[in-house]
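Undergrad: Take a look at this one; I'll ask things after.
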Amino acid sequence: MFKPPFILAIAGGGSTYTPGIVKSLMVRLADFPLAEIRLYDIDEGRQNTIAPVVEKVIRDHSDSIRFTVTGDPETAFSGAHFVFAQMRVGQYKMREQDEKIPLRHGVVGQETCGPGGLAYGLRTILPMVELIDFATRYAHPKAWIVNYSNPAAIVAEGVRRLRPDARVLNICDMPVAAMRNMGAILGVDRHKLEVDYFGLNHFGWFTRVMVDGEDRLPELRRHVAKFGLLTEDAAKTDPQHSDPSWVKTWRNIQPMMNNFPEYLPNPYLQYYLMPNQIVEHQDPDYTRANEVMNGREKKLFAAADEYKRTGILPDAFHVGVHGEFIVDVARSLAFDLRQRHLVMVENRGAITNLPYDAVVEVPAYITSEGPEPVRVGKVPLFHQTLLQQQLASEQLLVEATIEGSYEKALQAFTLNRTVPTMQHAKAILDEMIEANRDYWPQLKQAWENGDVAK
Ligand code: NAD
Ligand code: G6P
Ligand code: MN
C-alpha cells in the first residue's frame, strides 16, 4: 500500500455533499492525513460555485493541504491514492424526471427505487466505468475508489460486470443513518452498535443489534411499534434526514414491523412493501428533487454567494453520518484496520441462498485489499424471494445498458415490485426514453428502429 499524506480526488466535486465530506476529512486529519484535495466535475460552473466554500473549510483547518479544482481527468487523478465518487449523472433536472414520470402513471417516483432508480442506473453505469478508466490510467496503481454515486446497487453490478478487477468499494449511508437513530433510541453512541444485516442496497434487513454482547433489537421493536425509527434527538442531529419526507420515511418502519416484526427493515423497503400509500402521499408536481433544489442546494448556493460578497461563510451545510462514514471506510482501507462496516460486496457464498455472483449488502471487515464479508448463511424464503426479484430487475437493467436492449429494459421495469403491470412498465419506459434521449442513444435507437414492438 501507500503511505500518508494522501492525495484525494472527489469526483462530482460540485455535489451538495462536498463541503460536508471535506469538513469530515478536516476534523479527522490526524487520523487520515492529506497532502492534496482535488475536485473534479464535468460541470465546471457548478463546481466553481462550490469550490470557494470547500477551500474555506480546508483553510480553517490546514495551510499546507494543496487544493485543486479541475475538469481535466489527468490533473484530477494523476497519482491519487483515493477517489471519492459522488456523481449525479443528469443532475437534479433528471432526478425530477425520474420521480415525476412514474408518478404520472400512479407508480412510485423515487431517486433509487422503482422506475426512477432504473432510469438513473441506465444513465450512470457507463460514466462510472469511464471514471474507473480515468483512475486506472492516471491514479496510483493501488488507489481505491470509494463510491457513493447512486443508484449504488445498479452501479455496483454494472462495474462488477464491466470492470471486475477495479478497486472500487460501493457504499451507502442509509444503514449508518438507521444505526444513528437506533443509537439515539437506545441511548448509546452508534459506534458501539454491532449489527447483523443482509440484503441488497436500499433493500435489506437488520437482524441483530448488539451492544456490549447483548441484542437490543427487542427494545427497538417496542420503540418502533410506537414511533417508528424516530426520536427527537435523531431528528435534531441531522437536518437532511429530518426533512418532512424523511420523517414520514422513518415512521413507516412502524407499519412494516407491525406486519413483519422479526427484522428491522431498511427504510427504502417502504417503496416495495407499501407503494400505494407512498404514491397517495406524494405530490406529483413537487417531489423530493424539488424539495432538495429548494432546500439543500439553494441554501448552499446562497451561502457560497454570501461568502463571495462578505468573506463570511454562513452555517450552510451539515457534517453528519454521510461524511463520517466515507472517512471511516477510507481509513480502514488505508491502514488495513479491518473495521466492520455494512458495504456492497460480491456475495461469494456469504448469503448461501442467493446467487454466488450477486452484489449484496452485508457486514464486512474492511482491509487494505478490500472488504471481507461475514458469513450470513441462509435467509428466510420470504426475504430470499423479495431479494431475488429485485436482483433480477437490477441485473436485467445492467444488461439492457450494456447491450442497448429495449426488451431487457422493459423486463427490468416489469419485474420491479413497484410496477403493477407490463403496460405500466412500457408506458413509463417509453416516456423515460424520450426524457433521457441525451443519455441513452442506443436504447432510443433500438426502440425507434422497431427492434421491438412499440
Ligand atoms: P449534485 O447534483 O449536487 O452533485 C453531483 C455532481 O456530480 C454534480 O456537480 C454533477 O455535475 C456531477 N457529475 C455528473 N456527472 C458527472 C460525471 N460524469 N463526472 C463527474 N461529475 C459528474 O447531487 P447530490 O445530491 O449532492 O448527490 C451526489 C451523489 O451522491 C448522487 O449520486 C446521490 O445519489 C449520491 N448519494 C449517495 C448516497 C448513498 O447512500 N450511496 C448518499 C447520499 C448521496
Ligand atoms: C439516503 C440514501 C442515499 C440517497 C439520499 C437521498 O442518504 O442512502 O442513497 O441518495 O438518502 O437524499 P436526498 O436528501 O437527496 O433525498
Ligand atoms: Mn444510499
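Undergrad: If I filter region 290-297 for residues that are small (G, A, S), over 22 Å from D196 (Cα atoms), part of a helix (DSSP H, G or I) and within 13 Å of ligand 1 (Cβ to nearest atom), do I get at least one hit?
TA: Our first condition is that a residue be small (G, A, S); within region 290-297, this holds for 295.
Next cut, over 22 Å from D196 (Cα atoms) only: 295.
Filter once more, keeping what is part of a helix (DSSP H, G or I): 295.
When the remaining residues are screened for being within 13 Å of ligand 1 (Cβ to nearest atom), the result is 295.
Looking through region 290-297, at least one residue is small (G, A, S), over 22 Å from D196 (Cα atoms), part of a helix (DSSP H, G or I) and within 13 Å of ligand 1 (Cβ to nearest atom).
Undergrad: Moving to a separate point now. Hey, can you tell me all the residues within region 47-66 that are open to solvent by 40 Å² or more (accessible area, probe 1.4 Å) and outside any loop (DSSP other than H, G, I, E, B)?
TA: Within region 47-66, the first condition is being open to solvent by 40 Å² or more (accessible area, probe 1.4 Å), and the residues that meet it are 48-49, 52, 55-56, 59-61, 63-64, 66.
N48, T49, P52, E55, K56, R59, R66, listed by residue number.
Undergrad: Right, another one. Every residue in region 427-441 that is in contact with a helix residue (DSSP H, G or I) (Cβ under 7 Å, 6 or more places away or on another chain) and not hydrophobic (A, V, I, L, M, F, W, C), please.
TA: E431, N436, R437, Y439
Undergrad: Next up: Test G13 against the criterion of being under 17 Å from F84 (Cα atoms) and not in a strand (DSSP E or B), and give yes or no.
TA: Values: under 17 Å from F84 (Cα atoms): yes; not in a strand (DSSP E or B): yes.
Answer is yes for this residue.
Undergrad: Follow-up question, since we're still on this one. Only one residue in L342, L333 is outside any loop (DSSP other than H, G, I, E, B), within 16 Å of ligand 1 (Cβ to nearest atom) and open to solvent by less than 50 Å² (accessible area, probe 1.4 Å). Which one? Walk me through it before giving the result.
TA: Numbers: L333 fails: within 16 Å of ligand 1 (Cβ to nearest atom).
Exactly one of L342, L333 is outside any loop (DSSP other than H, G, I, E, B), within 16 Å of ligand 1 (Cβ to nearest atom) and open to solvent by less than 50 Å² (accessible area, probe 1.4 Å), namely L342.
Undergrad: If you don't mind, another one. Being touching a Ser or Thr at 6+ places or on another chain (Cβ under 9 Å), in a loop (DSSP other than H, G, I, E, B), buried (at least 16 other Cβ atoms within 10 Å of the Cβ) and in the same structural domain as T136 (by TED's automatic domain parsing) is the requirement here; does M87 meet it? Spell out the reasoning first.
TA: Details: touching a Ser or Thr at 6+ places or on another chain (Cβ under 9 Å): yes; in a loop (DSSP other than H, G, I, E, B): yes; buried (at least 16 other Cβ atoms within 10 Å of the Cβ): yes; in the same structural domain as T136 (by TED's automatic domain parsing): yes.
When the stated conditions are applied, M87 passes them.
Undergrad: Can you pull out every residue in region 113-122 that is farther than 13 Å from T287 by Cβ and either surrounded by fewer than 24 Cβ atoms within 10 Å (Cβ to Cβ) or of a type in the set (G, A, S) (or both)?
TA: G117, A119, G121
Undergrad: Could you tell me which residue of region 95-110 is nearest to Y439 (Cα to Cα), considering only residues that are open to solvent by 10 Å² or more (accessible area, probe 1.4 Å) and within 14 Å of ligand 2 (Cβ to nearest atom)? Give the steps one after another, and end with the answer.
TA: So the first thing to find is which residues in region 95-110 are open to solvent by 10 Å² or more (accessible area, probe 1.4 Å), and the list is 95-97, 100, 103-106, 110.
Keeping just the survivors that are within 14 Å of ligand 2 (Cβ to nearest atom) gives 95-96, 110.
Values: R95: 13, E96: 15, Q110: 19 Å.
Taking the candidates together, the pick is R95.
Undergrad: On to the next question. Which of (1) open to solvent by 60 Å² or more (accessible area, probe 1.4 Å); (2) over 20 Å from W205 (Cα atoms); (3) among the acidic types (D, E) does E399 not meet, given it meets every other one?
TA: Here E399 meets the rest and fails (1).
Undergrad: A further question follows. Among the helices (runs of 4 or more DSSP H) confined wholly to region 169-263, which include 3 or more residues that are within 16 Å of ligand 3 (Cβ to nearest atom) and buried (at least 21 other Cβ atoms within 10 Å of the Cβ)?
TA: Values: elements: 174-186, 217-227, 232-237, 244-251, 253-259.
Result: 174-186.
The values are calculated or read from the model by the stated rules, or taken from the named source; none is laboratory data. Since this is a predicted model, take the numbers as computed values, not measurements. Neighbour counts are summed over all protein chains in view; Cβ atoms, including those assigned to glycine, are modelled from backbone coordinates with ideal geometry. These accessible areas exclude ligands, DNA and RNA; they are computed on the full protein's heavy atoms, side chains included. Shrake-Rupley method; radii C 1.70, N 1.55, O 1.52, S 1.80 Å.
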